[in-house]
Amino acid sequence: MAINGNYVLRETTANLTRNITLTVASVLTVFVSLAILGSTVLVRQGAQNATRQFEGGVEFIVYVDADITPSELAAVKASLEDNPGVLRAPYVDAEATYKEFRRLFKGQETMLENVRKGDLPTSFRVEPKDKSVESVQELVAYYQKRPNVYYVSAATEVIREMKAITTFFNNGLSVFAVFLLVASALLILNTIRTAMFARRREIEVMKLVGATNWFIRIPFMLEGLIQGLIGGVLAVGFVFLAKGWLDDLLNRSKGLNLLQNFSIESSDVTLACLVVVGVAITLSVVSSALATRRFLDV
């Protein structure tokens with residue numbers, strides 16, 4: 001039996017409105033679970049951005065005073081180059097620092113407007129010969145006391161702090177999101193099951209006149225897909241809201257801390273949205289397929 005588009009649209013709409021309470025419950029549960037999932041992705045990406053400075057073997061960063069003179073800068077550089085425990089310590093000048101700052105805080109207009117190139121401390125990215133925690137901590141403590149050094153940031157400190165944040169979100173919220181996703185799947189399945197049960201006599205008649213199982217399934221599967229997509233679209237909107245809340249929080253920060261560059265880039269938001277939409281489609285399709293396969297014989 002050929003599938004008619006008008007028939008599919010009419011039956012899908014009827015199924016969604018017939019069980020309006022279950023439909024709304026399914027959509028809201030999908031929305032909440034996917035919103036948590038999207039937020040988890042954003043936090044994970046932000047933590048990765050915060051530790052991006054420590055790539056390529058860099059174990060700690062020596063930030064020098066923003067108003068340091070050329071001779072003072074040369075003295076700090078010589079101290080690093082002559083230190084037997086330092087393998088290399090390339091200098092990141094004001095131009096490179098400002099470029100990195102604009103990349104990290106892209107989209108945070110208040111922050112970008114209020115910070116000038118001269119406000120940012122330049123730095124040396126230091127790779128020690130011995131990367132053990134004890135050796136790095138000794139070097140950090142030594143250079144922290146050196147003149148004209150604004151701050152020394154160690155990878156172990158930053159990564160430990162970022163790991164604490166991501167562990168909380170990735171373990172705690174992910175478990176919560178999984179439970180909600182299971183509840184969403186069960187709600188979608190139960191919604192379709194209820195719709196099929198309410199129309200059991202029509203389904204029996206349709207099968208008697210030669211309707212195939214797929215002809216009967218498609219409107220119910222579309223019902224589940226629409227529920228999942230609506231919840232996914234709402235969750236995508238929440239992801240953008242979460243990005244805005246984070247930007248606002250950073251913009252209202254009283255101090256600029258380049259040592260903990262927790263930031264969310266546009267590509268991170270795109271990734272979170274793709275994950276949310278992908279999970280929404282997968283969740284609804286799988287739930288719908290299971291429901292129609294299991295409950296077709298009503």
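Condition check for Pro147 on (1) surrounded by 12 or more Cβ atoms within 10 Å (Cβ to Cβ); (2) at pLDDT 75 or above: one failure, at (1). With the checklist (1) closer than 30 Å to Phe168 by Cα; (2) at pLDDT 75 or above; (3) over 25 Å from the mean Cα position of the chain (by Cα) in hand, flag the one item Leu80 doesn't pass. The number of the failed condition is (1). Among the residues making up region 132-144, those that are modelled with pLDDT under 85 and among the small types (Gly, Ala, Ser) are Ser132, Ser135. The criterion of at least 1 residues that are modelled with pLDDT of 80 or more and within 17 Å of the chain's Cα centre (by Cα) is met, among helices (runs of 4 or more DSSP H) falling completely within region 186-298, by 213-251, 266-295.
Considered as a group, the residues in region 66-105 that are part of a loop (DSSP other than H, G, I, E, B) and in contact with a helix residue (DSSP H, G or I) (Cβ under 7 Å, 6 or more places away or on another chain) include one that is nearest to Asp268 (Cα to Cα), and that residue is Phe105. Does Thr110 meet the test of being assigned by TED's automatic domain parsing to the domain that holds Asp82 and modelled with pLDDT of 85 or more? So Thr110 fails the test.
The values are calculated or read from the model by the stated rules, or taken from the named source; none is laboratory data. What you see is a predicted model; the values in this text were computed from it and never measured. Glycine gets a Cβ as well: all are built from the backbone with ideal geometry, and neighbour counts include every protein chain shown.
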